[in-house]
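Below: one structure, written as structure tokens.
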Amino acid sequence: MDFLSAFVITNVVEISIAYFFLRKSEEIKKVVLTVFLLNCLTLPLVWFVFPFFIRNYLASLLSSEAVIFAIEMFAYQKIFRKSKNAWKIAFVANLVSFLMGLIIP
């Protein structure tokens with residue numbers, strides 16, 4: 001899968017999941033913009049920065065996913081203050097987008 005395809009799939013999946021968790025407390029515009037901007041920051045880290053510094057694929061993948069989870073969970077906590085589900089959103093969104101990357105060639 002190329003970066004642009006991964007970026008589109010990640011955004012569709014993660015925006016959908018975040019909105020599912022936040023639909024009662026946040027406006028859809030805020031959810032879409034937040035998740036999109038976070039993915040603009042984090043997906044290049046997973047694809048380009050971590051692999052540049054950590055040459056082992058599995059080590060790069062695991063460390064980048066852990067860091068991205070922490071960044072996104074922290075951002076969701078700060079931005080979506082009404083929600084108590086920041087860790088769930090970050091975990092489920094990243095897990096599902098990761099699994100989609102394994103399924104879709």
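The values are calculated or read from the model by the stated rules, or taken from the named source; none is laboratory data. Keep in mind that this is a model prediction, so the values were computed, not measured. Cβ atoms come from the backbone with ideal geometry, glycine included; neighbour counts cover every protein chain shown.
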Kindly list the number of the only condition in (1) among the small types (Gly, Ala, Ser); (2) part of a loop (DSSP other than H, G, I, E, B); (3) closer than 27 Å to Pro105 by Cα that fails for Ser5.
(2)
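Filter segment 66-97 for residues that are of a type outside the set (A, V, I, L, M), in a helix (DSSP H, G or I) and crowded, with 16+ Cβ neighbours inside 10 Å and give the result. Give the derivation first.
Start the filter on segment 66-97 by keeping residues that are of a type outside the set (A, V, I, L, M), which leaves 69, 72, 74, 76-78, 80-85, 87-88, 91, 94, 97.
Remaining after also requiring in a helix (DSSP H, G or I): 69, 72, 74, 76-78, 87-88, 91, 94, 97.
Passing the criteria: Phe69, Glu72, Tyr76, Gln77, Asn94, Ser97.
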Filtering segment 6-52 down to residues that are in contact (Cβ under 8 Å) with a residue 12 or more places away in the chain and among the small types (Gly, Ala, Ser), which residue is surrounded by the fewest Cβ atoms within 10 Å (Cβ to Cβ)?
Ser25
Residues of segment 23-59 being hydrophobic (A, V, I, L, M, F, W, C) and not in a helix (DSSP H, G or I), which ones?
Ile54
Restricting to segment 65-85, what's the tally of residues that are under 16 Å from Leu22 (Cα atoms) and modelled with pLDDT of 95 or more?
9
